[in-house]
Amino acid sequence: MKRTTLSLAAGAVALAALTGFASLTAPAGPADTSATSPARLPVERSSLLCPAPSNSDLAQTTYTAVTPKSPAQGAPQGKPATATLTPAVPPPADSGAPSTGKAKDGKDKKASTKPASDKPVISLKEPGKPVATTVSGADAPALTGSADGSLAPGWAAQQTTQITGGVGRALLGIACSAPDADFWFPGASTAKDRQDYVHLTNPDDTAAVADIELFGKDGPLKADVGEGITIPAKSSVPVLLSTLTGTVADDLTVHVTTRAGRVGAAVQATDAKAGADWLAASADAAPTQVLPGIPADATDVRLIVHAQGADDADLKVKLASKGSSFTPVGLDSVHVKSGMTASFDLKNVTRGESGSLVLSPVSDGGTPVVAALRVVRGTSDKQEVAFIPATAPVGTRATVTDNRAKASTLTLTAPGAKDATVKVTSSAGTEGGEPQSKTYTVKAGTTLAVDPPAPQGLKGSYALTIEPDANGGPVYAARTLAITQDGVPMFTVQTPADDKGTVAVPAAAQDLSVLGK
């Protein structure tokens, strides 16, 4: 009996191996063992998550989405392309999250008691044609979604919220992001004039479990809660930072990790004096970081840096502006202790010209850091705040949605030693208009701020796709959306990075000789 069982098992293994190898390629001659570069093919599926926009009854949120058009784009035969974002499920009261606290207006900030709808809030029909929808009030939900087929490569979405009054009056914007298991947010705060929430959104059918750590100027903060936060399936949980610790700190770094599952994470920061905006996650920790797109009329800029690893970080600070790169006065270098968060006041560092901050190690090697900028426009009671996290380069292609006529500024930075050539394409408008393209040259070590090419005959909003020439230097991008309301220069800044619309697929061939080994 044992011999029979073993023989059957061996036969099954051999058959499975034969079937597996045969399915990779059609039968051919002996395997080619020469080294070849993996082919890059379009992804077939992508995911995006958007946090709940606001709890203000005065909020008006616009969701926009697009998949950039690529040559010979088409869905796999027999598989229709889809790209939809649907409401997340409101978490139950016993979800395991810490208290969500109270908003500054005294109202409890709780998840909506309304059931989630399966009806998509926004969906795409075809590549190259953006769509938009607007939701008013405090009931706009967090969104989860996925794209398949020809709508998956480069799928991008954003939510933009305008709040017309109250403490949180502001323009808030954030690009919907892919789920992950590790996020760093330098620039958060538990100061008395700040109210910061971490929004955790779970796209999957099983619960996720997350931990939140806080790091201040003296290292990790003692937290009463923050470990083992449960985010139920397909739901979103907001966590008020001040409920995690009794420490009041102006500048903090928030670290979100998951023990189980994956989440989307973002910090919504509200300043009692300067409005509100979203703080997106910093790029992966590295000795060199680029923070592009400081507006020309910024009245106050603060740099927040957190050093990871066992060693302190000593960093050179350069501002890449229109004509050159230079060191801001008094910032020849900055020192950040290991495991701690440091902040540096740059004041009105741009002095009338758009610029980008470049951090690099003083010596070879260097300690990895994460970083962000807190940027203010306006003065007195006419202030507005936004955040610029360190970002990754554009790479092959990046897309940012919700661009509006005479309200968008595109900033391109080439921090390396080579000039960069960048093709910028505007999509059709959400309500009409023909795509337009323009090519820009960005000199090495400089920042170029431009009014992007709007679609001809634009109606509605549009998307911008950024494609650097592979022969040039690396390019970093930022898009500023600015709207003035009652004398307040409202704005928000997004930093689009490579859309990961293609994936490397190694060449494969059958090799039946393994069956004889």
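The values are calculated or read from the model by the stated rules, or taken from the named source; none is laboratory data. In this text the structure is predicted, and so the values were computed from the model without any measurement. Positions of Cβ are generated from backbone atoms using ideal geometry, with glycine treated the same way; all protein chains shown enter the neighbour counts. When the accessible area is computed, the model is the full protein with side chains, heavy atoms only, and any ligands, DNA or RNA have been set aside. Shrake-Rupley method; radii C 1.70, N 1.55, O 1.52, S 1.80 Å.
Amide H to amide H distances under 5 Å link SER235 with VAL89, ASN202, where only residues 5 or more positions off or on other chains count and H is placed in the peptide plane.
On full extension, the segment bounded by THR288 and ALA39 gains 86.7 nm, given 0.36 nm per residue less the C-alpha separation. Quick check: from the Cα gyration tensor, does the range 151-290 come out rounded (a/c under 1.5), prolate or oblate? Rounded, because the longest to shortest axis ratio a/c is under 1.5. A simple spin-label model places pseudo-atoms 7 Å from Cα toward Cβ; at LYS217 and ALA407 they are separated by 3.8 nm.
Using a probe radius of 1.4 angstrom, the carbon and sulfur fraction of the accessible surface of the range 198-288 is 48%.
Structure shown: which of LYS222/LYS316; LYS316/LYS337; LYS129/LYS443; LYS273/LYS322 lie over 22 Å apart, alpha-carbon to alpha-carbon? Pairs exceeding 22 Å: LYS222/LYS316; LYS129/LYS443; LYS273/LYS322. Given R0 = 22 Å, the distance between the Cβ atoms of GLU353 and ALA444 translates into a calculated FRET efficiency of 0.80. The H on the amide N of CYS176, modeled in the peptide plane, is under 5 Å from the matching H of ALA157, GLN158, GLN159, each at least 5 residues off or on a different chain.
For HIS335, HIS306, the ranking by accessible surface with the largest value first comes to HIS335, HIS306, using a 1.4 Å probe.
Under 13 Å from a label point set 7 Å out along the Cα-to-Cβ vector of PHE326, no amide N atom of the range 262-297 is found. Remark: the VAL248-THR206 segment gains 11.6 nm on full extension, using 0.36 nm per residue and subtracting the alpha carbon distance. Spin-label pair ASP345-ASP224: with each label point 7 Å from Cα along the Cα-Cβ axis, the two points sit 3.2 nm from one another.
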